[in-house]
Amino acid sequence: MTSHNFQTLRGAVIAGSRAKTWAAAVEEWEVVGLEEEPAATATCVCGNTGLRYLYTIHNPRTRHELSPIGSICVEYFEVAELTEGVSVLRRFFDLRAAFLDLRPVTLTTEYFSRALLADLWENGAFPNNGFNRNNGENDYRFLLDWFNSHGEPNERERRKIWVLVNRTIQPFVLADERLR
């Protein structure tokens, strides 16, 4: 990124923040959306062209949004939560694409990460029901344990994983408004 583009980004971020310094202003933002521009013709708020993945960041303090913004610009914030938010939304995007393309989705690093599973839990993907003893966290913990496991699930566990991925996570991901 050229210094001119960084200055443009810096100005837009500070203008949409309560803080008046870059270091303080970057702490106010969160990643709230992602959409794809397959032709890669979009222009970042910094002025860089050729964006394919267009993120939206939001400042809850000022209710200001910046969009589209590229993942590289978000990395310039040097805020771990923002960088993780970009990573999680990109995984969500790829997971949604797999579901829409009717590809078989399994609980592997191809589609999932610990951060993605945590985001699913935090955003309500695992509802309370009779199968999880009316505690959705049980489903999240079950998937997280198997994601971290080096062993193979038995047939009953394999069926439960399939149901959670295809009957719980799939409809949640397909309806998630963060993916536009």
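With respect to the conditions (1) surrounded by fewer than 19 Cβ atoms within 10 Å (Cβ to Cβ); (2) aromatic (Phe, Trp, Tyr); (3) in contact (Cβ under 8 Å) with a residue 60 or more places away in the chain, residue 92 falls short on a single one, namely (1). Does segment 70-85 include one or more residues that are free of Cβ contacts under 8 Å to residues at least 12 places away in the same chain, surrounded by 14 or more Cβ atoms within 10 Å (Cβ to Cβ) and out of contact with any His (no Cβ under 9 Å at 6 or more places or on another chain)? Yes, there is a match, as at least one residue in segment 70-85 is free of Cβ contacts under 8 Å to residues at least 12 places away in the same chain, surrounded by 14 or more Cβ atoms within 10 Å (Cβ to Cβ) and out of contact with any His (no Cβ under 9 Å at 6 or more places or on another chain). Within segment 118-130, residues that are in the same structural domain as residue 165 (by TED's automatic domain parsing) and more than 14 Å from residue 144 (Cα to Cα) have Cβ atoms under 7 Å from residues that are surrounded by fewer than 14 Cβ atoms within 10 Å (Cβ to Cβ) and at pLDDT 95 or above in these pairs: 128/134; 128/135, counting only partners at least 6 apart in sequence or on another chain.
Could you list, in sequence order, the residues of segment 76-93 that are more than 14 Å from the chain's Cα centre (by Cα) and not β-branched (Val, Ile, Thr)?
Within segment 76-93, 76, 77, 78 qualify.
Would you pick out the residues in segment 103-120 that are surrounded by fewer than 17 Cβ atoms within 10 Å (Cβ to Cβ), part of a helix (DSSP H, G or I) and charged (D, E, K, R)? Answer for segment 103-120, where residues must be surrounded by fewer than 17 Cβ atoms within 10 Å (Cβ to Cβ), part of a helix (DSSP H, G or I) and charged (D, E, K, R): just 114.
The rows are residues; the columns are (1) touching a residue at least 24 places away in the same chain (Cβ under 8 Å); (2) over 17 Å from the mean Cα position of the chain (by Cα); (3) farther than 25 Å from residue 174 by Cβ.
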| site | (1), (2), (3) |
| --- | --- |
| 11 | no, yes, yes |
| 18 | yes, yes, yes |
| 24 | no, yes, yes |
| 28 | yes, yes, yes |
| 52 | no, no, no |
| 55 | yes, no, no |
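On inspection, residue 45 qualifies as more than 18 Å from residue 178 (Cβ to Cβ) and surrounded by 13 or more Cβ atoms within 10 Å (Cβ to Cβ).
The values are calculated or read from the model by the stated rules, or taken from the named source; none is laboratory data. Everything quoted here is computed from the prediction, not taken from an experiment. Backbone-built Cβ (ideal geometry, glycine too); neighbour counts: all protein chains shown.
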